[in-house]
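Encoded as structure tokens, the structure appears first; notes follow it.
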Amino acid sequence: MTEQQGNNSGEDRPGPYQGVFGSAGASPSPGSPGSQPPGSPPYGDPRSSYGDFPGAYGGAFGTTPPQYARPPKQVTIASAISLGLGALCLLLAGMAFTSAGERIAEIVTGSKDAQGLVVAVILGCAAAYIIPAVYLRKRHAWSRYTLIAIAALGIVGGLMQLPNGILGLAIHGTLLFLMLQQPTKLWFHHR
């Protein structure tokens, strides 16, 4: 067996570092002059078998791994639920300006004269759902904590209204469950 055949047999074996030390496409002697094409990274192909992101250590020092580039499905679903609840609050506030406003105020407060107060509270609730939902997908940690607090308040409210509050209890329980999932936590902690 000649020296050339020995090097070729080493090149055909797949290695953990694409383009370096015996993987296909590498030059016979990695340390020799001209062993890497001009402009190539010093530690081999940046798209290593350890991930599809640049860096000799697979993104451990500052680059965002691809699994954290987009929000996980738990964040997307929680954001949609929160936006939906905010939209329902806006719809209820709009209905409070119609002839049903007195009846809504009477149901909520017990007085027909509290229509303005009811609209203000409902608009505040709408903002409490919509603003964190928007910033949740932008990866702001405060929005996650705000939605956890809102979900906890919704669960308490649902428990106090049983059996009529079962839907609110289920929705807020789902929101809390989604915010406490491991992919959600990791997405907010790997910035």
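The values are calculated or read from the model by the stated rules, or taken from the named source; none is laboratory data. Fair warning: this is a prediction, and the values are worked out from it, not measured in the lab. A quick note on method: Cβ atoms are made from the backbone with ideal geometry, for glycine too, and the neighbour counts reach across all protein chains shown. Each accessible area value is taken on the protein alone, full model and side chains, heavy atoms only, with ligands, DNA and RNA left out. Shrake-Rupley method; radii C 1.70, N 1.55, O 1.52, S 1.80 Å.
If you go through the stretch 109-126 and pick out every residue that is open to solvent by 100 Å² or more (accessible area, probe 1.4 Å) and under 21 Å from Gly86 (Cα atoms), you end up with 1. Restricting attention to the stretch 46-101, and to residues there that are under 13 Å from the mean Cα position of the chain (by Cα) and assigned to a loop (DSSP other than H, G, I, E, B), which single residue is modelled with the lowest pLDDT? Ranking the qualifying residues of the stretch 46-101, first place goes to Ala69. Contact annotation: residue pairs with Cβ atoms under 7 Å, 6 or more positions apart or on different chains, pairing a residue in the stretch 170-191 that is farther than 10 Å from Ala78 by Cα with a partner that is aromatic (Phe, Trp, Tyr), are Trp187/Tyr68; His190/Tyr68.
For the stretch 134-143, the set of residues classified as in contact with a Phe, Trp or Tyr (Cβ under 7 Å, 6 or more places away or on another chain) and either open to solvent by 70 Å² or more (accessible area, probe 1.4 Å) or in contact (Cβ under 8 Å) with a residue 60 or more places away in the chain (or both) consists of Arg139 only.
Can you confirm whether Leu147 is touching a Ser or Thr at 6+ places or on another chain (Cβ under 7 Å), modelled with pLDDT of 95 or more and open to solvent by less than 80 Å² (accessible area, probe 1.4 Å)? For Leu147, the condition - touching a Ser or Thr at 6+ places or on another chain (Cβ under 7 Å), modelled with pLDDT of 95 or more and open to solvent by less than 80 Å² (accessible area, probe 1.4 Å) - is met.
Taking residues in the stretch 114-133 that are over 22 Å from Leu176 (Cα atoms) and part of a helix (DSSP H, G or I), and partners anywhere that are open to solvent by less than 40 Å² (accessible area, probe 1.4 Å) and of a type outside the set (A, V, I, L, M, F, W, C), the pairs with Cβ atoms closer than 7 Å and at least 6 places apart or on different chains are Gln115/Gly101.
Among residues of the stretch 81-100 that are under 18 Å from Gly154 (Cβ atoms), none has a beta-carbon under 8 Å from a residue that is modelled with pLDDT of 90 or more and not in a helix (DSSP H, G or I) at least six positions away or on a different chain. Determine if the stretch 158-170 includes at least one residue that is in contact with a Lys or Arg (Cβ under 9 Å, 6 or more places away or on another chain), among the polar types (S, T, N, Q) and open to solvent by 30 Å² or more (accessible area, probe 1.4 Å). Checked against the condition, which is being in contact with a Lys or Arg (Cβ under 9 Å, 6 or more places away or on another chain), among the polar types (S, T, N, Q) and open to solvent by 30 Å² or more (accessible area, probe 1.4 Å), the stretch 158-170 yields no hits at all.
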